[in-house]
Amino acid sequence: MVSNLTEELVRLGHEVTLFATADSRTGARLFPAAAQGLRRCHDPGPYYLRMMERIFADHSRFDLLHFHCGYMHFPWLRRLKAASLTTWHGRLDFPEHSALFQEYRDIPMSSISLAQRGPVPLARWVGNVHHGLPEGLYPFRSVPSDYLVFMGRVSYEKRLDRAIEIARRAGRKLKIAAKVDPADGDYFRERVRPLLKYPNVEFLGEVPESGKAELLGGASAMLFPIDWPEPFGLAVIEAMACGTPTIAFDKGSMSEIIENGVNGFRVGSIDEAVEALGRIRLIDRAGCRRSFEKRFTAARMAADYLALYQRVLESAGRPIGAAR
């Protein structure tokens, strides 16, 4: 999402400095904070801390700072009074989050769904911006194949075991594109691996970006049987861009993303999900794609953030339209 936002801001003519890893591909001015992606790093904290030092060493050259990396920068912001916006990308329903925002209620925050901010209403929410994707990233496919797809982490929160049960009861083939992080190893071994023996269940592992469009576009529906307060659900709009509807458990942000009968169905149980699969052909895939184009493009996301930048600058007494 940071990449999509950055490139759209650059396309609109704004001067953007991106603090990211050196192997990033961007049209912005890149300030490398580490040599390569930190996903498999044992402890990314030192890299983030060093990045903060470099950002705040000369922060006055920026009209506005937009953070996407949690809360590490909060003490600097309070003391240096830099104009800023922080987008929170994870869940906020743990007790420690209330303690955090009780202290830092002065930091301007942006949510990625209204559902996400519910547990911490005392935070200084200045806006809500749903994620967006480049309009041409995922091509529309009007006629799918006859399989279902699950895409995401193999974790208890995402409930791949539920997806397999839904497909099994419906008698449908399920393709699983998912990664297994070390923290989720027990769930995979104990709850998921025994289910992979069922006929019509195909475990693909983690699919690269180059293969996601074909996989999502070929599915008649995506299963998203989550068991947690999902802050957004990027895979849902990726499928939507292909014209593929989603059947999701109605938790977290799903009521903000899925319009029943337009781009999928929200359900409350495995039985309801199986029943919804029987109605999935009633959804117009072209209408599903139009829903994406209307609500979830990178252009819309950038426009929303630019409006928030101006709001933050105005409240900080800065000239409107100066954000770069």
Going through the range 116-141 one residue at a time, which ones are without any contact (Cβ under 8 Å) to a residue 40 or more places away in the chain and more than 19 Å from the chain's Cα centre (by Cα)? Val120, Pro121, Leu122, Ala123, Arg124
Can you name every residue in the range 1-57 that is assigned to a strand (DSSP E or B), surrounded by 15 or more Cβ atoms within 10 Å (Cβ to Cβ) and of a type in the set (A, V, I, L, M, F, W, C)? Leu18, Phe19, Ala20, Leu30, Ala33, Ala34
Filter pass, Leu195 being outside any helix (DSSP H, G or I) and either at pLDDT 95 or above or surrounded by fewer than 21 Cβ atoms within 10 Å (Cβ to Cβ) (or both): no
Have a look at Glu259, Glu190 and point out the one that is over 16 Å from the mean Cα position of the chain (by Cα) and in contact (Cβ under 8 Å) with a residue 24 or more places away in the chain. Glu259
Inside the range 112-152, the number of residues satisfying the requirement of being under 20 Å from Ala82 (Cα atoms) and either surrounded by 21 or more Cβ atoms within 10 Å (Cβ to Cβ) or at pLDDT below 95 (or both) is 1
Among the residues listed as Ser220, Ser155, the single one being surrounded by 14 or more Cβ atoms within 10 Å (Cβ to Cβ), over 18 Å from Ala239 (Cα atoms) and among the small types (Gly, Ala, Ser): Ser155
Criterion: in the same structural domain as Met254 (by TED's automatic domain parsing), aliphatic (A, V, I, L, M) and surrounded by fewer than 18 Cβ atoms within 10 Å (Cβ to Cβ) - qualifying residue of Ala177, Ala163, Ala183, Ala167: Ala183
For Gly252, indicate whether it is of a type outside the set (Phe, Trp, Tyr), at positive phi and loosely packed, with under 14 Cβ neighbours inside 10 Å. no
Considering only residues that are part of a helix (DSSP H, G or I) and out of contact with any Pro (no Cβ under 7 Å at 6 or more places or on another chain), which ones fall in the range 201-216? Glu209, Ser210, Gly211, Lys212, Glu214, Leu215, Leu216
Out of the residues in the range 272-292 meeting the condition of being within 20 Å of Asp227 (Cα to Cα) and without any contact (Cβ under 8 Å) to a residue 24 or more places away in the chain, tell me which one is surrounded by the most Cβ atoms within 10 Å (Cβ to Cβ). Glu272
So for the range 58-69 (the condition being over 22 Å from the mean Cα position of the chain (by Cα), outside any loop (DSSP other than H, G, I, E, B) and either under 28 Å from Pro231 (Cα atoms) or not assigned by TED's automatic domain parsing to the domain that holds Met109 (or both)), does at least one residue qualify? no
In the list Ala28, Ala34, which residue meets the criterion of being modelled with pLDDT of 95 or more, within 23 Å of the chain's Cα centre (by Cα) and of a type in the set (A, V, I, L, M, F, W, C)? Ala28
Can you name every residue in the range 93-115 that is more than 20 Å from Ala298 (Cα to Cα), in contact (Cβ under 8 Å) with a residue 40 or more places away in the chain and either polar (S, T, N, Q) or in contact with a helix residue (DSSP H, G or I) (Cβ under 7 Å, 6 or more places away or on another chain) (or both)? Pro108, Ala115
Filter pass, Arg169 being without any contact (Cβ under 8 Å) to a residue 60 or more places away in the chain and either more than 30 Å from Arg295 (Cα to Cα) or part of a strand (DSSP E or B) (or both): no
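The values are calculated or read from the model by the stated rules, or taken from the named source; none is laboratory data. Keep in mind that this is a model prediction, so the values were computed, not measured. Positions of Cβ are backbone-derived with ideal geometry, glycine not excepted, and every protein chain shown enters the neighbour counts.
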